[in-house]
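Novice: For reference, the structure I am asking about is given below.
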Amino acid sequence: MSVHDLRALLFHSHFIISPIPNVRCKGICSITCNRYELMMDAFGRFGLLINDRVVKTPVALASMAGIVDAAYVLERKEHVGIAFMGGYSIDEPALEAARQMAAGGDRREFLCDDPEQELQKQITLLKNTHVIPAINLRGSTPAAFARLAQELGEGVVYEIDAHCRQPAMVAAGCGEHYLHNTKELGAVIRALKSENVTVSVKIRAGVVPDDRRLAEECWKAGADILHIDLMDFGSAKLRQIRNSCPLLIIANNSINSFDRMREMLSHGADLVSLARHADERTLAGLDAAITRYADEEGWYNSPKQLCRGGDIRALTFCCMPVKECPLIPTLNRIGMPREDYIRMKLGAVEGTPLEQGKQTCFGSLAWCCKTSSPCMFRDMTLKGGNISQKEYMRLKRDLSDTIMSRVFHDLPPDDTC
Ligand SMILES: Cc1cc2nc3c(=O)[nH]c(=O)nc-3n(C[C@H](O)[C@H](O)[C@H](O)COP(=O)(O)O)c2cc1C
Ligand code: SF4
Ligand code: SF4
């Protein structure tokens with residue numbers, strides 16, 4: 001189930017979750033209560049769950065081999081929601097490649113005789129923190145990944161390193177090898193999913209001829225998260241990928257300022273990650289800025305309007321299809337007839353505060369624009385309904401989740417793999 005499906009489920013069912021498994025408040029432990037409240041606040045603010053756990057902030061640590069282990073994460077834990085430790089080599093071909101790379105002198109690697117035991121140790125070190133543990137893995141066969149998942153279980157996110165382009169690693173059938181052999185990548189994803197674990201795929205944009213197709217393939221094979229090093233491609237590439245799959249997306253590469261973070265979030269990312277500049281000051285700045293933004297605006301990763309370059313989530317702000325504008329080609333591309341689009345939006349807001357709005361252009365707030373576009377008719381309706389602008393944006397986020405789960409209801413056809 002994607003994050004959009006899950007939020008759509010919450011939107012329609014008033015489903016209650018516990019952000020910290022097995023916590024029961026008896027009013028005697030203020031630390032546990034404070035932590036519980038903190039995580040409930042975070043869920044209200046960002047609406048993000050990974051591995052059934054609330055993500056405290058949409059800032060992630062990206063892996064750096066030989067550097068990012070539990071000790072490194074613990075030094076930065078206050079300002080990250082999830083940490084990808086590693087990369088760790090998990091079978092003999094990958095370990096041999098890592099040894100060669102480390103022997104070359106200019107790279108650090110985690111070299112251990114028993115990767116399973118080492119990974120267990122690292123995961124355990126993060127146990128009593130809010131940071132969701134994830135491990136970035138280099139392996140050459142589906143069986144190696146599946147075996148590890150059998151041993152380590154469901155409490156950690158498994159990230160397939162399809163990113164490493166070091167020649168020794170690629171020659172060992174790991175890292176970027178998987179981007180040149182996407183059937184093998186699909187087999188690894190499927191092997192992990194057969195162990196019921198959460199799977200992330202770390203890719204570098206621009207390696208395969210069509211990143212949209214790659215995203216679809218990962219989705220089709222069952223991946224949950226796409227972690228994308230965007231290199232120099234920027235937000236246009238990210239938007240293309242967002243428009244191709246409902247996976248949770250982590251955007252990566254040089255995201256060291258809030259402007260850059262918002263650019264990524266407004267073009268389809270759910271989180272951003274940092275590797276080289278993951279110093280405490282940068283992480284704290286991003287965490288504080290996105291928390292403030294979410295508290296003020298209501299939707300921390302709101303898209304731009306479709307006609308201003310927004311991604312598919314921006315359908316939540318689109319009008320009735322009555323004129324020639326980017327909505328029409330978008331509906332054509334996703335194969336949704338205009339009548340279905342109208343029915344979908346009106347159905348999704350039925351019984352919600354977005355249903356009202358007789359004096360707006362199209363008779364319902366379902367069709368109304370983003371709060372950044374000034375409009376007295378929308379604002380009069382909001383005022384009359386006692387709905388704050390922040391609440392309006394949250395409702396639009398819920399509507400966008402419903403739209404996403406309808407658009408990506410079916411897997412892409414077989415010929416894409
Ligand atoms: C020294 C170093 C080691 C890295 N090791 C890995 C790795 O093991 N696995 C992986 O997926 N990415 C690895 N990366 C890539 C980073 O996770 C990240 O994608 C890249 O550095 C761009 O993000 P940044 O601009 O935030 O650094 C490494 C990067 C560096 C600089
Ligand atoms: S329907 Fe409205 S918001 Fe959407 S693309 Fe057209 S003009 Fe822009
Ligand atoms: S009433 Fe205002 S916000 Fe609503 S669709 Fe018209 S212009 Fe946009």
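Novice: Kindly indicate the residue of the range 218-235 that is among the acidic types (Asp, Glu) and either within 19 Å of VAL199 (Cα to Cα) or outside the structural domain of GLY206 (by TED's automatic domain parsing) (or both) and also farthest from the chain's Cα centre (by Cα) among those meeting that condition.
Specialist: Here the answer is ASP229.
Novice: Quick check: is even one residue across the range 178-197 within 18 Å of the chain's Cα centre (by Cα), modelled with pLDDT of 95 or more and either in a strand (DSSP E or B) or acidic (Asp, Glu) (or both)?
Specialist: no
Novice: Could you tell me which of the residues LEU95, LEU126 is surrounded by 17 or more Cβ atoms within 10 Å (Cβ to Cβ) and without any contact (Cβ under 8 Å) to a residue 40 or more places away in the chain?
Specialist: Criteria check complete, one pass: LEU95.
Novice: Also, quick follow-up: For the range 267-309, which positions are small (Gly, Ala, Ser) and at pLDDT 95 or above?
Specialist: Selection gives GLY268, ALA269, SER273, ALA275, ALA278, ALA284, GLY285, ALA288, ALA289, ALA294, GLY298, SER302.
Novice: Going through the range 323-344 one residue at a time, which ones are within 12 Å of ligand 2 (Cβ to nearest atom), touching a residue at least 12 places away in the same chain (Cβ under 8 Å) and either under 20 Å from LEU247 (Cα atoms) or not in a helix (DSSP H, G or I) (or both)?
Specialist: The answer is CYS325, PRO326, THR330.
Novice: Sort out for me the helices (runs of 4 or more DSSP H) sitting completely within the range 217-319 that have 3 or more residues that are crowded, with 24+ Cβ neighbours inside 10 Å and in contact with a helix residue (DSSP H, G or I) (Cβ under 9 Å, 6 or more places away or on another chain).
Specialist: In the range 217-319, 234-242, 258-265 are the helices (runs of 4 or more DSSP H) which contain 3 or more residues that are crowded, with 24+ Cβ neighbours inside 10 Å and in contact with a helix residue (DSSP H, G or I) (Cβ under 9 Å, 6 or more places away or on another chain).
Novice: Give just the number: which of (1) at pLDDT 95 or above; (2) surrounded by 15 or more Cβ atoms within 10 Å (Cβ to Cβ) does GLU391 not satisfy?
Specialist: (2)
Novice: Give the residues of the range 54-64 that are crowded, with 23+ Cβ neighbours inside 10 Å and within 17 Å of HIS227 (Cβ to Cβ), sorted by residue number.
Specialist: VAL55, THR57, PRO58, VAL59, ALA60, LEU61, ALA62, SER63
The values are calculated or read from the model by the stated rules, or taken from the named source; none is laboratory data. In this text, all values refer to a predicted model and were calculated from it rather than measured experimentally. Backbone-built Cβ (ideal geometry, glycine too); neighbour counts: all protein chains shown.
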